[in-house]
Amino acid sequence: MSTHTEMLESLGLTLPPAPDPVANYLGTKRSGNLLYVSGRKSALVGKVDKHVSEEAAKEAARDTVLLLLAIIKQDLGSLDHIKSIVKLQGFIRSSAKFNRQPQVLDGASEVLIALWGERGKHARTATGTAHLPYGATIQLDMIVELHDT
Amino acid sequence: MSTHTEMLESLGLTLPPAPDPVANYLGTKRSGNLLYVSGRKSALVGKVDKHVSEEAAKEAARDTVLLLLAIIKQDLGSLDHIKSIVKLQGFIRSSAKFNRQPQVLDGASEVLIALWGERGKHARTATGTAHLPYGATIQLDMIVELHDT
Amino acid sequence: MSTHTEMLESLGLTLPPAPDPVANYLGTKRSGNLLYVSGRKSALVGKVDKHVSEEAAKEAARDTVLLLLAIIKQDLGSLDHIKSIVKLQGFIRSSAKFNRQPQVLDGASEVLIALWGERGKHARTATGTAHLPYGATIQLDMIVELHDT
């Protein structure tokens, strides 16, 4: 069992099953030491502050970054290959007046920092939109740096 | 005639003319072996599922990625310099209830995979928005990896 | 005083104070020679063409890229470490019919090109959205290439 799995368990979290590979794109693509992780949506649907609460959206951001980590683990075999978290992009589906997208995205950032400490601290952008695939509340993609191989 | 041009023709596709260079930014910018391609919009305008059909939007995604390839070819001289497609970002202008942005973006992904096979498979994110430059239906940008020179 | 500071002054511009470090993410994150700058919002709030004018939005784009540069300077000690501007992403909060997001983003691009000339020319994407953190008009993030160290 990897250290990261143990750390997740100590936080009361587990990685979800990685979804089946999709037809027309990859879950992750490596270029040099950078791994680009495709955008994934939350299971939670609806606009924050209209259909779902800010707190539920923050939990969904946490769950979505766990999904990204599960996909990385499936593709690389282990999360131990991750050296550093570089950039997190979050789209948060928002009601007309909701404007606390950064607080929602903290749900994802906090997991990454809990797991990788200083190396888990990252650049990020939290953007609002009215439209996400399948009506999801959250969509995240990410760039991570891998150890030399 | 490059292999990629022949492959496009066998698919019944051709590269459009590359647009004139613009004043305040570049069509592509290289850093190391990564080439960042600026966002480009479709000629098709309107929101999917309100003004245009999902099928028309998927064709527009295909045409927009051909525009990105035309710009790369203009800047580099040949598509043969492309080693791999790394990341595709698609914004799809959507009606209030349209939520099949991934199916629309497949129109672009399929071209990249047809041309470069396994190396054409990429990470991607398909996001919805209500607003794009000039009312366009599709906006794409892309990161590709180049062969060593 | 650095050359870049002098050049800014000759343009009638100054870097704003860099904001305090935030809790859950970084202002910038380096990977190799690339520096990823986190998304930052304008002080200006409201939708272009509804609450604020295109001209005011363009000025806000300029001010927001100055904020990104102030954050880079704070993190690196000097803007002299910047070799090249690679990619600029701009989200512009737009009224239902506003579609000149590229003209707004020019406010940011022009500063980068004024400061770094040819090396300041960059790939970019100008996207519209209805929703940004705290109701801001502009949100920018950026990737820059640093000199070898």
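Read-outs throughout are calculated quantities, based only on the coordinates presented, and are distinct from any laboratory measurement. Remember, it's a predicted structure, so these values are computed and weren't measured experimentally. Using ideal geometry, Cβ is built from the backbone for each residue, glycine included, and neighbour counts are taken over all protein chains shown.
Hey, does the stretch A:76-91 have a residue that's of a type in the set (D, E, K, R), out of contact with any helix residue (DSSP H, G or I) (no Cβ under 6 Å at 6 or more places or on another chain) and over 15 Å from B:ALA123 (Cα atoms)? Checked against the condition, which is being of a type in the set (D, E, K, R), out of contact with any helix residue (DSSP H, G or I) (no Cβ under 6 Å at 6 or more places or on another chain) and over 15 Å from B:ALA123 (Cα atoms), the stretch A:76-91 yields at least one hit.
Filtered by the rule that a residue be small (Gly, Ala, Ser) and at positive phi, the stretch B:20-53 gives B:GLY32, B:GLY46. Among the residues of the stretch B:124-149, those identified as part of a strand (DSSP E or B) and of a type in the set (Gly, Ala, Ser) are B:ALA126, B:GLY128, B:ALA136. Of all the residues in the stretch B:117-134, those that are without any contact (Cβ under 8 Å) to a residue 12 or more places away in the chain and within 15 Å of the chain's Cα centre (by Cα) number 0. With respect to A:THR137, determine if the residue is within 10 Å of another protein chain (Cβ to nearest Cβ), of a type outside the set (A, V, I, L, M, F, W, C) and more than 11 Å from the chain's Cα centre (by Cα). Judged against the criteria, A:THR137 is not a match. Here B:LEU146 does not qualify as surrounded by 19 or more Cβ atoms within 10 Å (Cβ to Cβ), in contact with a His (Cβ under 7 Å, 6 or more places away or on another chain) and not hydroxyl-bearing (Ser, Thr, Tyr).
Exactly one residue out of A:VAL144, A:VAL104 is more than 14 Å from A:GLY39 (Cα to Cα) and in contact with a strand residue (DSSP E or B) (Cβ under 9 Å, 6 or more places away or on another chain), and it is A:VAL104. Against the conditions (1) in contact with a helix residue (DSSP H, G or I) (Cβ under 8 Å, 6 or more places away or on another chain); (2) on the phi > 0 side of the Ramachandran plot, C:MET142 satisfies every one except (2).
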